[in-house]
Structures are given as structure tokens and as C-alpha cells.
Amino acid sequence: MFQVPYHPRMTGMSLSEQQKSPMGILFLVVLVDMIGFTIVIPFLTYFVQDLASSEGIMDVGKRDLWVGIVIATYSLAQFIFTPVLGSLSDRMGRRPILMLGLFSNTVFFTVFGLSRSLSMALVARFLAGAGNGNIAVARAYIGDISEPDMIARRMGMIGAAFGLGFMIGPFIGGLLSDPANSIGAPFDGQLWIDNPYLLPCLFSSTLSLVSLTLAITRLPETLPPDSRSSSDGSLFRGMGGMMTNLVKVMKFPTVSTLISINFLFMVGFSMMHGTFILFTSMAPVDGGLGWSELDNGWIFAFIGLLGVIIQGGLIGPLSDRFSMSHLMIVGTLLCGVGIASIPYVQHDVSWLIFASSAGLAIGNGLFSPTQSSVLTFEAKSLGYELGMVMGAQEGFGALARIIGPLFAAYLWSRTVQGTGLWTYHTCFRIAGIIFVLAILLQLRLRLNGESGKESRTL
């Protein structure tokens, strides 16, 4: 039985209260992470275009490629530092690492909003990502406090925070962009004219500061000293052995397959992060939808809402009725079809984009919590360090979020004005192929842990 260890702030609570009380704060931590990550989606394309133009980059392909570079920079930092932070959480406890992530968000999102050059924007996004290993640590936190029959539901809560972040972040980002023109007084001063995207970044920083305060005062530590890794081993992992740990985890049976499946899924999913907006904002005469920042905010709000419904309410009953391996496959299929169909939506029936978006939202909502739950079961049943495994998964996920946007942006820049098979459709088609590869890998999956008792292997 996995219980929340003693913490002075939790005295006087029943066991049930102790087990439930951290989840609200943990939910908030992950939610703030996702708001900060997604709040830039509606305006990042325009922000980068403005910065690129100010530096004399006028070619459409080169300009759009910078969109992918800026998106990938945040994930590059996470790839480098998340496994390190996951290992450090095994040594130092989960709480200090969560605090670091919130502090990083508070500072560097504001710096990003004040960026006046591409280099400043890149540095701000990199430093924000470097300090933010909260997702991996949050999943390890759940593993610390949860009994096996509660893990899927609690991973679903984290997934719901993802969905809610995707709902709130882009909508707020679109609503608060360029407030001098879109809102007017009291945002008609020179500060807001010179920094049209500062307000949504300040909003994200403020949320992070509030979450940091709540976490400091109310979030208990869940990893007791006697369960932590040795100082020497963790220090090696944390400071010099990140790649060694990734290679080590990929040698674990089944765990490596699960991480590979997640990697492929995330590559395909992240390919649409930049190109989705590039498509919807493109002029109808060129094949796009001609949407504004706020229009894009609404569609991402819809995606987030579905994510909340699936991961926050339905994933528990679904995981009770169906095997998690089957839910993973269905989720991958729906997400792949949804993303691959996006560029076929026409301007005069633009509402059909909601069907494509529903596919990717429901698919991600089914896949993410079930895959994380299965990985947790496997790691714990085989005696692997949960923080290290989750850190490796998030590290490879960050690598996928580097490759996906960069690859998609490159394809977009090379094909946006093309004809025949090589058009702006190309990157979405290739994303669909990647999801097919993820499905094929899942068909070979054999489970060994607690999940294997409930899941019928395929």
C-alpha cells in the first residue's frame, strides 16, 4: 500500500484525506505548466514573424522555419534537463524539483514576453524549459502516493490538467495578444505597443507565482529519506549521466517499448503544434482558413475541453471496462486520423476542422493516461526507480517535441508553395504515417506488471 509519508502540514488528517490532499495542488502545478506551454500557441507565429522581419528575414519559408525553431527550443531544454531533474527527484525528493519548475515559469515567461529579438526569445524559452521537469516529477509523485487501482484515475487527472491547460492557455493567449489594439485602455501605453505579447506572458507568470506559493505552503513531500537514491548515484545521473540513464532505461524490457511508443506518438502529435496555426492562418486563396489569433484560441479551447472530459471524467470508467492496451491503440488511431485530415478542410466548410480536432483530442485523451499508467505499473513491478523511468520518458518526449516541430516546419517551408504530392499537406500526411508506426509497435507489446493482469495482450 502506497501511502503519503508523514509531513508536518498533514497531521490531524485521515489516511483518505492525506492521500487526496496533494492531488489538488499537483493538478494545479501541471495545469500551470500546460497553460504556460500553450499560451504562446495563438500568437507565437505572429511574434516570430515580427521578430524575424525586424532582423531582415522576409522569405516566407525561412520565416516559418523560425516558428518551429522557437517551439523546439523549449523542448530542447526539457530534453537535456528533464531526465536530470527526474533523477534528482529520486535523491532530493519530489517537492524541491516541483518548486524549481514553478519558479522557472514565473521568471522566464515574462522575459519571453519582453523579447525584442529572436536570440532573446530563444534564450528565454530555453531557460524556461531547462527548469521545468514538473510533468515527469508529478507522475512519479502519483506513483509514490497511489495504490495500483488508483493510478489510472490519477494519471487521468494529470491528463485532465493537460486538457484544461490546452483549453485555457491558447484562448487566453489569443484574447490577451496585442492589448493596445484589441482591448485599448488601460493597455494603450507605449509598453504594450512595444511589447504586444507581454500581457499573456505576464498572466502565465502570475499563475506560476500563485501556484508556487500554494505548493510551498500546502504540498507535502512524498518520498521519504529512506526510499531515496544514494547520493553518489543520483549526483552522477543528475550532473553527468543523462544520456547514460536514457540508454539504461531503453535496455529495460517492455519499458523501452512503451517509451518508444510514446516517442512516436509525441513526434506525430507535436508536428501539428506549429503547422496547425500556419495552416489555419494561411489565406483562403492559398488553401488555408484565414483565421485570427482568437479563432485559433477557440479551436484549441475545444481541443482542451474534450481532453478534460476524456481524461478527467471518462478514463477511469473506460480503464475499468477495457484493457489499457486496447485504449492505447484506439487513442493512437483516432489521433493519427484527426491530424492527417486537418489540411483537407476547406475554407467554406471550416467548421469541419472541429471533427479533425475532436479526433486528435479524444485520441490523445485515451492514449496519454493509459500509456503513463502502464509504464508506471511496469516500472514498479520490476523494481525500477520510478523517477528515473518517468524522467527518461519525459526526456524522450521532449526529444520528440524537438524533432516534431522542427521536422514539420522544415517540410512546411519546403512544400508550402509546392504542387502535386509536395504541398502544405505533406507534413500532416507524414504525421499520420508516424502514428501507424506507433500502432504497429503496440501490436507487439507484451505486459508484465500489474497492467498485464488487467490488459489482454495484443
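What follows is calculated from the coordinates using simple rules that are stated; it is not laboratory data. None of these values were measured; they are calculated from a predicted model. Using ideal geometry, Cβ is built from the backbone for each residue, glycine included, and neighbour counts are taken over all protein chains shown.
Quick notes
- Under 28 Å between alpha carbons - lysine pairs in the chain that sit 8 or more apart or on different chains: 7
- Across segment 104-188, the mean sequence separation of Cα contacts (distance under 8 Å, 6 or more residues apart), normalised by length, yields a relative contact order of 18 percent.
- For the chain, the longest principal axis of the Cα atoms and the long axis of helix 148-176 meet at an angle of about 20 degrees.
- Using alpha-carbon coordinates, inclination of helix 15-38 to the longest axis of the chain, degrees: 20 degrees
- Selection among I259, A128, I315 by position relative to the dipole of segment 20-454 gives I259 as farthest towards the positive end (Cβ unit charges, Cα centre).
- Toward the positive end of the charge dipole of segment 61-204, with +1 on the Cβ of Lys and Arg and -1 on the Cβ of Asp and Glu, the farthest Cα among I151, L85, A138 is that of L85.
- Cα-derived Rg to Rh of segment 337-458, Kirkwood definition: 1.06
- Over segment 258-362, equivalent-ellipsoid semi-axes from the Cα gyration tensor in Å: 28, 15, 11
- Other residues within the sphere of radius under 15 Å centred on the Cβ of F37, judged by their own Cβ, net out at 0 (K and R +1, D and E -1).
- In degrees, nearest ten, helix 426-442 long axis to first principal axis of the chain (Cα): 20 degrees
- Mean separation of Cα contacts under 8 Å (6+ apart) over length of segment 20-454, as relative contact order %: 27 percent
- Environment charge of S104, counting only residues whose C-beta is closer than 12 Å and scoring Lys/Arg +1, Asp/Glu -1: 0
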